1. Could you work out the mean projected area of the convex hull around the alpha carbons of segment 2-67, in square nanometres to one decimal?
2. Show me the trypsin sites (Lys or Arg not before Pro) within the chain that DSSP assigns to loop and that have at most 14 other Cβ atoms within 10 Å of their Cβ.
3. Dipole of segment 2-67 (Lys/Arg Cβ +1, Asp/Glu Cβ -1, origin at the Cα centre): which of MET26, ALA14, VAL64 lies farthest to the positive side?
4. Give the aspartates and glutamates reachable from LYS53 as a straight Cα distance under 12 Å; neighbours fewer than 8 places away on the same chain don't count.
5. Treating only the Cβ of Lys, Arg, Asp and Glu as charged (+1, +1, -1, -1), what charge dipole size does segment 2-67 show about its Cα centre? Round to the nearest 20 debye.
6. Which aspartates and glutamates have a Cα less than 17 Å from the Cα of LYS51, not counting those fewer than 8 places away in the same chain?
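What follows is calculated from the coordinates using simple rules that are stated; it is not laboratory data. Model, not experiment: these values are computed from the prediction. Reconstructed Cβ throughout: ideal geometry from the backbone, glycine too, with neighbour counts over all protein chains shown.
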Amino acid sequence: MGRLNVLIHDLEDAQEDQNYFKQQMMANSGVLPSQLDSEDYYELIKINQAKPKDKRAEDPMAMVNRLRGGN
């Protein structure tokens with residue numbers, strides 16, 4: 001029964017994440033939940049979290065080479 005409770009909690013948590021995302025989209029972008037319901041939720045999350053190139057993590061080996069004075 002313990003594993004089932006964990007799965008139920010995980011599902012409820014995922015649903016709450018989706019509701020919170022919709023709330024934020026309504027508040028910050030004026031997007032209605034009905035507009036989001038027909039979209040791929042996970043793709044919307046990726047798009048919402050996208051960063052410009054200068055804010056993304058740098059490739060570790062490229063950083064090491066750059067700091068050593070390499071290319």
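1. Working: hull surface 30.4 nm².
Across all orientations, segment 2-67 yields a mean hull projection of 7.6 nm².
2. Values: sites: ARG3, LYS22, LYS46, LYS53, LYS55, ARG56, ARG66, ARG68; in loops: ARG56, ARG68.
When the trypsin sites (Lys or Arg not before Pro) of the chain are filtered for loop state and at most 14 Cβ neighbours within 10 Å, ARG56, ARG68 remain.
3. Farthest along the dipole direction, towards plus: VAL64.
4. Excluding near neighbours in sequence, the set is empty.
5. On the way: 8 positive and 12 negative charges, 87 e Å.
Here the size comes out at about 420 debye.
6. Result set, ordered by chain and number: GLU43, ASP59.
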